[in-house]
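Let me begin by presenting the structure, written as structure tokens, before commenting on it.
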Amino acid sequence: MPEIRPLQAADMAVVADMFQRVLRKRRTPTPVSLPGYLERLYLDSTDGTVGSPSLVNVADDGSISGFIGVTSLPMRFGDRKLNASICGSLMVDEDQRNDLSGARLLKAFLAGPQDLSFSETASDVTANMWTTLRGSILPDYSLDWIKVFRPAAFAVAGARQRLPIARLGAPLARAVDACLGLRRSGEFSRWFGAGDAAASQGRYTVASVDADGFAGLLGNFTSRFAVHPDWDEQVLSRIMSDASAKTDFGDVFRCTVAARTGAIIGAFVYFGRPGGIGHVLQVLALPGQAGAVIDCVINHAAGAGLAGLRGRTQPALLEAMLGRRIIFINVNSTVVHSRDPELVRQFQTGNGFFNGLVGEHWSRIFGDHFD
């Protein structure tokens, strides 16, 4: 009979090969550094005594046919300390996808001792499995937002992800965008370019900050949520280090946003390169300041020559994004599970902080190539 058991160090080579084939969809050999990184992420850094460990499905013939990667996250709800487990990777070998291995892995994960279980990368199929097992989809956390600055360059950058030869269209795209840039009034300028965001440039100061400086700000912005991360220094240092290594996405931009008084009202981190689509990892804002901070992100990225930005929504930012000609799409869903309905309710009402640095997308799995 198939068996589900905790991940072991001896499994890492097989898991990494499966990861390369199934999740990264690469036909090239598994990078030498990938097994070691997955071991550090899913084995060494996960506390299986307070939450679910990472798990493997062992087929009848003794081979590993499925895997669920888990990372631990300490959280707090008022005076109550919580242990959260984040399901970062759920995969089953192609020839085993009809034997319910994925459902068994997810059920075993949710049966762990953790107070909260999350994923921010649940596909439609996986999200249905979560809801069947009494998990909940969080719509306001489940949208990708897109802001286009240079439409022709944006189209070329998007095409390059599937068809590398599309890069040859970059010079033409620049010429088209230059012509379109002459239209700086009316609805066109609101949809494309920095638009209204540029108008706020003089009222706020955007300044670069290093990883340690950004980490030092996180508590000020996250602790106001009813359920929020409760990182220790070692865990946060590891997260910030991994969150800086996203070679595929481009250079990292970490910035604070300050009002004229000098008070810091927000911060953001994104990755990008001129002509490409930037990937926003985190946007932080004090209450009532989300619109100003979003404008500063948009203006900064447009000034850096990016074709557009893409990030993940959070309820505290969603209202401020409306009216800024931002496009919303659902690709993957954020899901939550807990035996305590009050914890789930806090996230359903937007009173929990999740996604980005409090989630999965900080890891090198998203945006680094390991070659």
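The values are calculated or read from the model by the stated rules, or taken from the named source; none is laboratory data. Everything quoted here is computed from the prediction, not taken from an experiment. Virtual Cβ from ideal backbone geometry, glycine too; neighbours counted across all protein chains shown. Note: accessible area is taken over every heavy atom of the protein model, side chains too, but ligands, DNA and RNA are not part of it. Shrake-Rupley method; radii C 1.70, N 1.55, O 1.52, S 1.80 Å.
List of remarks:
- Selection status of L106, surrounded by 23 or more Cβ atoms within 10 Å (Cβ to Cβ), among the aliphatic types (A, V, I, L, M), in contact with a Pro (Cβ under 9 Å, 6 or more places away or on another chain) and farther than 29 Å from V283 by Cβ: no
- The set of residues in segment 244-257 being of a type in the set (A, V, I, L, M, F, W, C), open to solvent by less than 40 Å² (accessible area, probe 1.4 Å) and part of a strand (DSSP E or B) consists of C255, V257.
- Taking the conditions (1) at pLDDT below 95; (2) more than 18 Å from S54 (Cα to Cα); (3) under 24 Å from the mean Cα position of the chain (by Cα) in turn, M91 satisfies each one other than (2).
- Within segment 12-31, the set of residues being open to solvent by 90 Å² or more (accessible area, probe 1.4 Å) and either touching a residue at least 60 places away in the same chain (Cβ under 8 Å) or in a helix (DSSP H, G or I) (or both) comprises just one member, R21.
- Condition broken by G250, with the remaining ones in (1) touching a Leu at 6+ places or on another chain (Cβ under 9 Å); (2) touching a residue at least 40 places away in the same chain (Cβ under 8 Å) satisfied: (2)
- The set of residues in segment 263-279 being more than 13 Å from V206 (Cβ to Cβ), open to solvent by 20 Å² or more (accessible area, probe 1.4 Å) and without any contact (Cβ under 8 Å) to a residue 60 or more places away in the chain consists of A263, R273, P274.
- Among the residues of segment 17-32, the one identified as within 16 Å of F67 (Cβ to Cβ), at pLDDT below 90 and of a type in the set (V, I, T) is V22.
- Flag: N83 matches the condition of being open to solvent by 40 Å² or more (accessible area, probe 1.4 Å) and assigned to a strand (DSSP E or B).
- Meets criteria (open to solvent by 40 Å² or more (accessible area, probe 1.4 Å) and either assigned to a helix (DSSP H, G or I) or on the phi > 0 side of the Ramachandran plot (or both)) for R260: no
- When segment 254-266 is filtered for residues that are closer than 17 Å to V283 by Cα and over 16 Å from the mean Cα position of the chain (by Cα), the ones remaining, listed by number, are C255, T256, V257, A258, A259, A263, I264, I265, G266.
- The residues of segment 1-11 that are surrounded by fewer than 20 Cβ atoms within 10 Å (Cβ to Cβ) and part of a helix (DSSP H, G or I), listed by number, are A9, A10.
- Number of positions in segment 293-315 that are crowded, with 20+ Cβ neighbours inside 10 Å and in a helix (DSSP H, G or I): 11
- Elements of the type helices (runs of 4 or more DSSP H) sitting completely within segment 121-190 and holding at least 2 residues that are at pLDDT 95 or above: these cover 124-132.
- Exclusive hit being part of a strand (DSSP E or B) and either closer than 26 Å to R345 by Cα or touching a residue at least 40 places away in the same chain (Cβ under 8 Å) (or both), set G69, G51: G69
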